[in-house]
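Undergrad: So that we are looking at the same thing, I have put the structure below in structure tokens.
The values are calculated or read from the model by the stated rules, or taken from the named source; none is laboratory data. Computed from a predicted model, the values in this text were never measured in an experiment. Because the Cβ atoms are built from the backbone with ideal geometry, glycine has one as well, and the counts that use them run over all protein chains shown. All accessible areas refer to the heavy atoms of the entire protein, side chains included, with ligands and DNA or RNA removed. Shrake-Rupley method; radii C 1.70, N 1.55, O 1.52, S 1.80 Å.
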Amino acid sequence: PTLGLISADLALHAPSQIASAVKQRAGEQGYAVLISMVTDNAETCCREAVQELLAQRVDGLMINVPLEDEVAQRLRALAAPLPVLFLDVSEQAAVNSLVFSPSQGAQLGVTHLLEQGHSRIALLAGPVTSVSARARLAGWQQSLAAAGLTPCAVARGDWSAQSGYEKAHGLLANATKPDAVLVANDQMALGVLRACAEKGIAVPGQLSVVGYDDTTDSAWFTPPLTTIRQAFREAGEQGVDWLTGESEAGVIRQTRLPVTLVVRGSSA
Ligand code: IPT
């Protein structure tokens, strides 16, 4: 038997760690995995990927590409009656999903910084084309508003370390200097740390940096990164178990996975 995985760019750490877990768990269960990668989440690219995997007669599909609700629903219809599990959709999408709670992650990051006494908090969000990036940004803004604060600056990167580096230079050049920055993923946080090192800004002395993901290298950054952990291995394993197990026909299953705060040296 075979599972199909349609993944966002595997050059990014999070999708590659999910794919690794999927491949390993599926292997343990006697399933092969066919991977189709889309670097563009346009609906046409995703439809082609679904059709390509259907043609190879996969027994179930996992889709880890950021998708709007309606697009996910149309892809599910395209693949029917094959079971399809989505990993990067909103919590509301009417499809089978396994997603980490973005509001909880945002709340954990904001609360951590407020507890450390920060109030000039900058936000470095992910790309507007990613549902999860938008949900994290909205969550940060809501948690800050609940504390009577507004972000002192907002920028958007494209998930890459390079974009984090470039946007950090912009954020740190503003008149109001942030005393902390919430970053939408660890790769961009790596770029922020590099920009700080170049500008002689001490982390965490002058700027606290909080990432998002806890990919396997994040504990090895300088300083080791405080971040919101999404347990990618567990998510990949649960996804495989769901697809290879018994699913009740016609019942939509939406699993929400908790995230946790991992405090390391980049915040104080
Ligand atoms: C999300 C990661 O948090 C982010 O770093 C980036 O890699 C993105 O994936 C790529 O699409 S995790 C996803 C399961 C919401």
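Undergrad: Is it the case, given these coordinates, that Glu68 is in contact (Cβ under 8 Å) with a residue 60 or more places away in the chain and within 23 Å of Ala94 (Cβ to Cβ)?
TA: Working: in contact (Cβ under 8 Å) with a residue 60 or more places away in the chain: yes; within 23 Å of Ala94 (Cβ to Cβ): yes.
Judged against the criteria, Glu68 is a match.
Undergrad: Turning to a different aspect of this structure: Just to be sure, is Thr227 buried (at least 22 other Cβ atoms within 10 Å of the Cβ) and in a strand (DSSP E or B)? Write out each step before concluding.
TA: Details: buried (at least 22 other Cβ atoms within 10 Å of the Cβ): yes; in a strand (DSSP E or B): yes.
Yes; evaluated as a whole, the condition is true for this residue.
Undergrad: Here's something else I'd like to know. I'd like to verify a number: residues in segment 114-133 that are open to solvent by less than 40 Å² (accessible area, probe 1.4 Å) and within 10 Å of the ligand (Cβ to nearest atom), how many? First the steps, then the outcome.
TA: Taking segment 114-133 and keeping what is open to solvent by less than 40 Å² (accessible area, probe 1.4 Å), we get 118, 121-127, 130-133.
Filter again for within 10 Å of the ligand (Cβ to nearest atom), leaving 126-127, 130-133.
Residues meeting the conditions: 6.
Undergrad: While we're on this one: I'd like the full set of residues that are touching a residue at least 60 places away in the same chain (Cβ under 8 Å) and among the small types (Gly, Ala, Ser), limited to segment 94-104. Write out each step before concluding.
TA: Step one: list which residues in segment 94-104 are touching a residue at least 60 places away in the same chain (Cβ under 8 Å), which gives 94-101, 104.
Answer for segment 94-104, where residues must be touching a residue at least 60 places away in the same chain (Cβ under 8 Å) and among the small types (Gly, Ala, Ser): Ala94, Ser97, Ser101.
Undergrad: Now, a different point. When residues of segment 134-162 are filtered for being in a helix (DSSP H, G or I) and either within 16 Å of the ligand (Cβ to nearest atom) or open to solvent by 60 Å² or more (accessible area, probe 1.4 Å) (or both), how many remain?
TA: First pass over segment 134-162, keeping only residues in a helix (DSSP H, G or I): 134-146, 161-162.
The next check asks that each one be either within 16 Å of the ligand (Cβ to nearest atom) or open to solvent by 60 Å² or more (accessible area, probe 1.4 Å) (or both); those that pass are 134-142, 145-146, 161-162.
The qualifying residues number 13.
Undergrad: Among the residues of segment 176-198, how many are touching a helix residue (DSSP H, G or I) at 6+ places or on another chain (Cβ under 7 Å) and modelled with pLDDT under 95?
TA: 0
Listed here are the residues, each with its yes/no results for (1) of a type in the set (Ser, Thr, Tyr); (2) in a strand (DSSP E or B).
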{"position": "Thr222", "(1), (2)": "yes, no"}
{"position": "Arg233", "(1), (2)": "no, no"}
{"position": "Val240", "(1), (2)": "no, no"}
{"position": "Ser247", "(1), (2)": "yes, no"}
{"position": "Thr255", "(1), (2)": "yes, yes"}
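Undergrad: Hey, among the residues in segment 180-211 that are β-branched (Val, Ile, Thr) and outside any helix (DSSP H, G or I), which one's farthest from the chain's Cα centre (by Cα)?
TA: Residues of segment 180-211 β-branched (Val, Ile, Thr): 181, 183, 192, 201, 203, 209-210.
In the following step, the residues that additionally are outside any helix (DSSP H, G or I) were identified as 181, 183, 201, 203, 209-210.
Details: Val181: 17, Val183: 11, Ile201: 27, Val203: 24, Val209: 17, Val210: 14 Å.
Among those that are β-branched (Val, Ile, Thr) and outside any helix (DSSP H, G or I), it is Ile201.
Undergrad: Which residues, taken from segment 234-268, are without any contact (Cβ under 8 Å) to a residue 40 or more places away in the chain and open to solvent by less than 60 Å² (accessible area, probe 1.4 Å)?
TA: Gly245
Undergrad: Quick one: count up the residues across segment 163-201 that are within 16 Å of the ligand (Cβ to nearest atom), touching a Lys or Arg at 6+ places or on another chain (Cβ under 8 Å) and open to solvent by 60 Å² or more (accessible area, probe 1.4 Å).
TA: 2
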